[in-house]
Amino acid sequence: MSRQDYSVQGLEKILSPTLLFFREKIENNLARMLEIAGSADRLCPHVKTHKCPEIVKLALARGIRHHKCATLAEAVMLAEAGAASVLLAYPVVGPNCARLAEIMRRFPRTRFAVLADHPAAVEALSAAMTQAGTSVEVLVDLDVGQHRTGVAPGEAAVMLYEKIARLPGLHLGGLHAYDGHNQQPDAEERRRAVDAIVRDLSGLLEQLQQRRLPVPRIVVGGTPTFACWAAQHLPNLQCSPGTCVLHDANYSRKFPELGFVPAAVVLTRVISRPAPDRVTLDLGYKAVCADPPAGQRCVFPDLPDAPQVLHNEEHLVLQTPLAQRYQPGDTLLAIPAHICPTCALHDFAWIVEKGQIVGRWPITARIRMA
Ligand SMILES: Cc1ncc(COP(=O)(O)O)c(C=O)c1O
């Protein structure tokens, strides 16, 4: 990740801190996703990474019809961008059920699906859909080891699946398995972990088949295990990576074999030189995500070895013997360690094409409610 890979003309007039998207790199990442998946129909990319309708349109232009999201605002953003199939991969509870029904009425050309992992939740969803005079597709969320949401792929999953089949206002959408805990550095170890999940999944599929319950699709995984899942031969499998569309410094370091490149950076400027060996930037944790440990929240291709010694809301302080080279107003580019929450901090991203700023795209779904 050298500065040459991210050279941009015309930054003088661009206010900082701000997000830049490199369009060619996004296109390359989308092409790589299609290559790994084997076909567009085996993809259901998660849009929580970018929350940006223009990137959805790039995916649609490549024939990617199924899309995953985590919030109602992302579901609306997808429908407005023209997505025909939207999976809200999140348990829908409380008044959010009725809001989902309302959104479904607003976008009749989009087919919506949701996740469920609890009998009480499917009953509430069924009541809300019935009251709204509509019906939603439900995928049973399986807990395949992360222990965040989901039901174990055994008897309880079969019972929930049968319940969904019986309830009015719901129809069976299949199964969902997200294995965010599988981040083994060794790709072979990751592959073995996915193989073990597939054995459990196959057992569950057999039980559902014996009961003549249809499984229209199985939506699985994120970026680290994307290639492991894509190599499986389960019927109607859809891989749901998200981060790799924009990618980031963390995943590049941990999973170089995947072949994705960071396509988003934050433009920052030197605002102060408080000591001979210090450079202070306008890159606080309100401009770059702070969920990685302090000191590791971004990578500077120009100053890769400078320790990040202080990170406040609007300031990032670097310690470097090269500090004298920098004057207030000088620009640096920072590759975020974690891109998804970084995008959510910005209203828009400037678009770089062939090294030139050509416009900007809104991060429409950074709001929570829709
Ligand atoms: C349910 C679900 N699916 C897919 C993804 C995408 O994973 P990744 O960001 O590793 O691509 C996530 C990420 O948080 C997720 O929570």
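Observations on the structure shown:
- For the chain, the Cβ-based charge dipole about the Cα centre amounts to some 780 debye (Lys, Arg positive; Asp, Glu negative; other atoms uncharged).
- Long-range amide H partners of ARG217 with built H, under 5 Å: GLY174, LEU175
- Projected label distance in nm at ARG148 and GLU189, using a 7 Å step from Cα toward the beta-carbon: 2.0
- Residues whose placed amide H lies under 5 Å from that of SER85, excluding near-sequence neighbours: HIS67, ARG111
- From helices alone, the chain scores -9000 deg cm²/dmol at 222 nm; the rule is -39500 (n - 2.57) for each run of n ≥ 4 DSSP H residues, then divide by the residue total.
- The overall shape of segment 44-239, judged from the alpha-carbon gyration tensor, is oblate: a/c is not under 1.5, and a/b is no greater than b/c.
- Near GLU137, once Lys and Arg are set to +1 and Asp and Glu to -1 for all other residues with Cβ below 14 Å from its Cβ, the sum equals +2.
- The Cα center of segment 126-175 and the Cα center of segment 64-118 differ in position by 15 Å.
- Close amide H partners of PHE348, meaning residues 5 or more places away or on another chain with modelled amide H under 5 Å apart, are ILE363.
- Between the beta carbons of VAL309 and LYS254, assuming R0 = 30 Å, the FRET efficiency works out to 0.80 to the nearest 0.05.
- J(HN,Hα) series, segment 8-13, from Karplus relation 6.51 cos²θ - 1.76 cosθ + 1.60, nearest Hz, glycine and proline x: 9, 8, x, 7, 4, 9
- Kirkwood hydrodynamic radius over Cα pairs of segment 302-370, then Stokes diffusion coefficient at 25 °C and 0.890 mPa s, in µm²/s: 164
- Taking a point 7 Å from the Cα of GLU206 along the Cα-to-Cβ direction, the residues of segment 148-172 with backbone N closer than 20 Å to it are 152-162.
Read the figures in this text as sums done on the coordinates, not as results from a lab. In this text, all values refer to a predicted model and were calculated from it rather than measured experimentally. Here Cβ is always computed from backbone atoms with ideal geometry, including for glycine, and neighbour counts include all displayed protein chains.
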